[in-house]
Amino acid sequence: MKNLQSAQIDALKKDVQGTVIAAGDAAYDSARQIWNAMVDKHPAAIVQCATTGDVVYAVNFAREHQVPLAVRGGGHNIAGSALRDDAIVIDLSKMKAVQVDAGARRASVEGGATLADFDAAAQAHGLATPLGINSTTGVAGLTLGGGFGWLSRQYGMTVDNLESAEVVTAAGDVLRASASQNTDLFWALRGGSGNFGVVTRFEFRLHPVGPEVLAGLIVYPFSQAKSVLQQYRAFMDQAPDDVSVWTVLRKAPPLPFLPESVHGQKVVVLALLYTGDPSQGEALVKPLHGFGTPLGTHVGAMPYVNWQQAFDPLLTPGARNYWKSHNFSALEDGLFDAVIEYVAKLPSPQCEIFFGAIGGATMRPAPDATAYAHRDARFVMNVHGRWDDPADDAAGIRWAREYFKASAPFASGGVYVNFLTDDEGERVKAAYGPNYGRLAQIKRQYDPANLFSSNQNIMPA
């Protein structure tokens, strides 16, 4: 690998419309901060692009100077793939415009937009598409890995709602990928996790949602965990697609509707959303209130954008995060026993284990309809290790790995690529599943030298 000379970086600064930040510049340390504080990388230069032309220039520059490349959308990826030592980082965070055509129910979204940017623009028209659960997440990274959120049971994975993409390829070409143009590339982008180019613009299909939805939290004591989980399983087996309920096991944060005596105690939280008329949803979600004796409830009509931000306080940037994840086609009692055992020994107050309910519309496409293959997954589990002190790394990582191993016998074998950490290279093929071979062929066509390798990497065939 060549080290860039200051003259080369000066040329880069002169030739892009955006801002180029190099090591030693005053803004360098703040520009290289990303969501997960466990990632501490030192790129050669960070190119904060202003236009697609800037992206083309940066891609060509990295290729011609044989410098590694990384791409930052929201900078939220657990593995820290937005950064790389001694690399050129294409930082899209200044390119975050969202344009909504309400009549056509379409949104055009730049590659640096966050969920908050997208939701605000779409909800001004009472529209939305399935995205994640934390408003600071980048739309680009979430989408390229498949993407799911509160609306997925009703409207599918994020990639099931992608209409087209503007892509800068490794050759520096700007292509449009859709169901009618560059169709193999369009297939690969929908789950191929940034391996095929820099997506500078996405076009999504929108659906009527809100602006008011029925949503909220029901909190049960940890002593009732197994019974609550069993009833949750039975409820989700029968739930209509417009009801989404996730389960979170953790220590109770200081939520205002919980008695102070509960703060810091282990709890089971049901987080629910119903997208229809809130007044009609009350009867649908009523059984959730009777799974045991709740410690507190906060359920009612609220703006969808508020619900999309409800978990932001638990996911602020700057903490140390380590994840492990499995997909499940069913939730077995043995899994409940394992999760109860490991929640009983959380290594820090910020750690949690959650089960995100997908299923419904996410299961209807064939596994090879898009690069995202895991159409059998009804639940996605994330073991979210989180703490502030580097001295706690070993204990937190060990806890996550041990529970991951204990829960593996009940998993379906697949994994959501966006939940993979940077030490899980052996799981990359499991993340892409039966579509890996075709992805490797398309990778060879669009990126034969593997310029886009700062990701859960697909090697060119």
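The values are calculated or read from the model by the stated rules, or taken from the named source; none is laboratory data. Note that the structure is a prediction, hence the values are computed from the model and not measured. So basically every Cβ, Gly included, is an ideal-geometry build from the backbone, and we count neighbours across all protein chains shown.
Name the residue, out of Lys266, Lys286, that is among the basic types (Lys, Arg) and in contact with a strand residue (DSSP E or B) (Cβ under 8 Å, 6 or more places away or on another chain). Walk me through it before giving the result.
Values: Lys286 fails: in contact with a strand residue (DSSP E or B) (Cβ under 8 Å, 6 or more places away or on another chain).
Answer to the check: Lys266.
For residues in the range 179-219 being assigned to a helix (DSSP H, G or I) and in contact with a strand residue (DSSP E or B) (Cβ under 6 Å, 6 or more places away or on another chain), which is nearest to His374 (Cα to Cα)? Give the steps one after another, and end with the answer.
To start, the set of residues in the range 179-219 that are assigned to a helix (DSSP H, G or I) comprises 183-189.
Filter once more, keeping what is in contact with a strand residue (DSSP E or B) (Cβ under 6 Å, 6 or more places away or on another chain): 185-186, 189.
Details: Leu185: 19, Phe186: 18, Leu189: 15 Å.
Selected residue: Leu189.
Residue-by-condition table, conditions (1) of a type in the set (S, T, N, Q); (2) outside the structural domain of Leu115 (by TED's automatic domain parsing); (3) more than 17 Å from the chain's Cα centre (by Cα):
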{"position": "Gly296", "(1), (2), (3)": "no, yes, yes"}
{"position": "Phe311", "(1), (2), (3)": "no, yes, no"}
{"position": "Leu315", "(1), (2), (3)": "no, yes, no"}
{"position": "Tyr322", "(1), (2), (3)": "no, yes, no"}
{"position": "Asn327", "(1), (2), (3)": "yes, yes, no"}
{"position": "Leu331", "(1), (2), (3)": "no, yes, yes"}
{"position": "Phe336", "(1), (2), (3)": "no, yes, yes"}
{"position": "Ile340", "(1), (2), (3)": "no, yes, yes"}
{"position": "Lys345", "(1), (2), (3)": "no, yes, yes"}
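Filter the range 253-278 down to residues that are in a helix (DSSP H, G or I) and either β-branched (Val, Ile, Thr) or without any contact (Cβ under 8 Å) to a residue 40 or more places away in the chain (or both) and give me whichever is farthest from Val213 (Cα to Cα). If you could, list the steps in order and put the result at the bottom.
Taking the range 253-278 and keeping what is in a helix (DSSP H, G or I), we get 260-262, 278.
Right, trim to either β-branched (Val, Ile, Thr) or without any contact (Cβ under 8 Å) to a residue 40 or more places away in the chain (or both) and you get 260-262.
Numbers: Glu260: 28, Ser261: 30, Val262: 27 Å.
Here the residue is Ser261.
Do we have any residue at all in the range 228-245 that's surrounded by fewer than 22 Cβ atoms within 10 Å (Cβ to Cβ) and either modelled with pLDDT under 95 or at positive phi (or both)?
Within the range 228-245, none of the residues are surrounded by fewer than 22 Cβ atoms within 10 Å (Cβ to Cβ) and either modelled with pLDDT under 95 or at positive phi (or both).
Find the residue count for the range 220-252, including only residues that are hydrophobic (A, V, I, L, M, F, W, C) and part of a helix (DSSP H, G or I). Don't jump to the end; show me each part of the working.
Of the range 220-252, the ones hydrophobic (A, V, I, L, M, F, W, C) are 222, 225, 228-229, 234-236, 239, 243, 245-246, 248-249, 252.
Still in the running and part of a helix (DSSP H, G or I): 222, 225, 228-229, 234-236.
Result for the range 220-252: 7.
Please enumerate the residues belonging to the range 339-355 that are in a helix (DSSP H, G or I) and among the aliphatic types (A, V, I, L, M).
Residues of the range 339-355 in a helix (DSSP H, G or I): 339-343.
Listed by number, the residues that qualify are Val339, Ile340, Val343.
Before we move on, is Gly24 at positive phi, assigned to a loop (DSSP other than H, G, I, E, B) and crowded, with 16+ Cβ neighbours inside 10 Å? Write out each step before concluding.
Working: at positive phi: yes; assigned to a loop (DSSP other than H, G, I, E, B): yes; crowded, with 16+ Cβ neighbours inside 10 Å: no.
When the stated conditions are applied, Gly24 does not pass them.
If Val428 passes every condition in (1) in contact (Cβ under 8 Å) with a residue 40 or more places away in the chain; (2) surrounded by 17 or more Cβ atoms within 10 Å (Cβ to Cβ); (3) not in a loop (DSSP other than H, G, I, E, B) but one, which one does it miss?
(1)
Return yes or no: is Arg153 of a type in the set (Lys, Arg), in contact (Cβ under 8 Å) with a residue 24 or more places away in the chain and buried (at least 24 other Cβ atoms within 10 Å of the Cβ)? Explain how you work it out, then say what you get.
Values: of a type in the set (Lys, Arg): yes; in contact (Cβ under 8 Å) with a residue 24 or more places away in the chain: yes; buried (at least 24 other Cβ atoms within 10 Å of the Cβ): yes.
Yes.
Return yes when Ala283 is aliphatic (A, V, I, L, M), outside any strand (DSSP E or B), within 27 Å of Gln154 (Cβ to Cβ) and free of Cβ contacts under 8 Å to residues at least 24 places away in the same chain and no when it is not. Before the answer, list the steps.
Numbers: aliphatic (A, V, I, L, M): yes; outside any strand (DSSP E or B): yes; within 27 Å of Gln154 (Cβ to Cβ): yes; free of Cβ contacts under 8 Å to residues at least 24 places away in the same chain: yes.
So Ala283 passes the test.
If you go through the range 50-86, how many residues are touching a residue at least 60 places away in the same chain (Cβ under 8 Å), hydrophobic (A, V, I, L, M, F, W, C) and either more than 27 Å from Tyr416 (Cβ to Cβ) or out of contact with any Lys or Arg (no Cβ under 8 Å at 6 or more places or on another chain) (or both)?
Adding up the residues that qualify gives 8.
Where in the range 46-130 are there strands (runs of 3 or more DSSP E), lying fully within it, with 1 or more residues that are in contact with a Gly (Cβ under 8 Å, 6 or more places away or on another chain) and buried (at least 20 other Cβ atoms within 10 Å of the Cβ)? Full working, then the answer.
On the way: elements: 69-72, 88-91, 98-101, 106-110.
Where strands (runs of 3 or more DSSP E) fall fully within the range 46-130 and carry at least 1 residues being in contact with a Gly (Cβ under 8 Å, 6 or more places away or on another chain) and buried (at least 20 other Cβ atoms within 10 Å of the Cβ), they are 69-72, 88-91.
With respect to the numbered conditions (1) touching a helix residue (DSSP H, G or I) at 6+ places or on another chain (Cβ under 9 Å); (2) of a type in the set (A, V, I, L, M); (3) under 20 Å from Gly111 (Cα atoms), which one is the sole condition not fulfilled by Ala50?
Only one criterion is unmet by Ala50, namely (1).
Can you tell me which residue within the range 217-227, out of those that are hydroxyl-bearing (Ser, Thr, Tyr) and either in the same structural domain as Gly149 (by TED's automatic domain parsing) or in contact (Cβ under 8 Å) with a residue 60 or more places away in the chain (or both), is surrounded by the most Cβ atoms within 10 Å (Cβ to Cβ)? Spell out the reasoning first.
Let us first name the residues in the range 217-227 that are hydroxyl-bearing (Ser, Thr, Tyr), namely 220, 223, 227.
Filter once more, so that each one left must be either in the same structural domain as Gly149 (by TED's automatic domain parsing) or in contact (Cβ under 8 Å) with a residue 60 or more places away in the chain (or both): 220, 227.
On the way: Tyr220: 26, Ser227: 14.
That would be Tyr220.
Which ones in the range 51-71 are of a type in the set (D, E, K, R) and over 17 Å from Asn450 (Cα atoms)? Write out each step before concluding.
To start, the set of residues in the range 51-71 that are of a type in the set (D, E, K, R) comprises 54, 63-64.
Correct list: Asp54 only.
Which is out of contact with any Phe, Trp or Tyr (no Cβ under 7 Å at 6 or more places or on another chain) and modelled with pLDDT under 95, of Ala58, Ala37, Ala23?
Details: Ala58 fails: modelled with pLDDT under 95; Ala37 fails: modelled with pLDDT under 95.
Unique residue meeting the criteria: Ala23.
What do you reckon, is Thr136 touching a helix residue (DSSP H, G or I) at 6+ places or on another chain (Cβ under 7 Å), surrounded by 20 or more Cβ atoms within 10 Å (Cβ to Cβ), modelled with pLDDT of 95 or more and β-branched (Val, Ile, Thr)?
Numbers: touching a helix residue (DSSP H, G or I) at 6+ places or on another chain (Cβ under 7 Å): yes; surrounded by 20 or more Cβ atoms within 10 Å (Cβ to Cβ): no; modelled with pLDDT of 95 or more: yes; β-branched (Val, Ile, Thr): yes.
Criteria not met by Thr136.
Filtering the range 374-390 down to residues that are assigned to a strand (DSSP E or B) and closer than 16 Å to Pro313 by Cα, which residue is farthest from the chain's Cα centre (by Cα)? Lay out the reasoning, then the answer.
So in the range 374-390, the residues assigned to a strand (DSSP E or B) come out as 379-387.
Restricting the remaining residues to those that are closer than 16 Å to Pro313 by Cα gives 384-387.
Values: His384: 13, Gly385: 16, Arg386: 16, Trp387: 20 Å.
In this case the residue turns out to be Trp387.
Within the range 396-412, can one find any residue that is closer than 28 Å to Ile90 by Cβ and either in contact (Cβ under 8 Å) with a residue 24 or more places away in the chain or out of contact with any Pro (no Cβ under 8 Å at 6 or more places or on another chain) (or both)? Lay out the reasoning, then the answer.
Of the residues in the range 396-412, the ones closer than 28 Å to Ile90 by Cβ are none.
Within the range 396-412 (the criterion being closer than 28 Å to Ile90 by Cβ and either in contact (Cβ under 8 Å) with a residue 24 or more places away in the chain or out of contact with any Pro (no Cβ under 8 Å at 6 or more places or on another chain) (or both)), the answer is no, since none of the residues qualifies.
On the basis of being in the same structural domain as Val198 (by TED's automatic domain parsing) and at pLDDT 95 or above, does Ala440 make the cut?
Working: in the same structural domain as Val198 (by TED's automatic domain parsing): yes; at pLDDT 95 or above: yes.
Judged against the criteria, Ala440 is a match.
Taking the conditions exactly as written (within 30 Å of Ala179 (Cβ to Cβ) and either assigned by TED's automatic domain parsing to the domain that holds Ala411 or among the basic types (Lys, Arg) (or both)), does Ile358 satisfy them or not? Before you say what the answer is, go through the steps one by one.
Working: within 30 Å of Ala179 (Cβ to Cβ): yes; either assigned by TED's automatic domain parsing to the domain that holds Ala411 or among the basic types (Lys, Arg) (or both): yes.
Taking the combined requirement at face value, the residue satisfies it.
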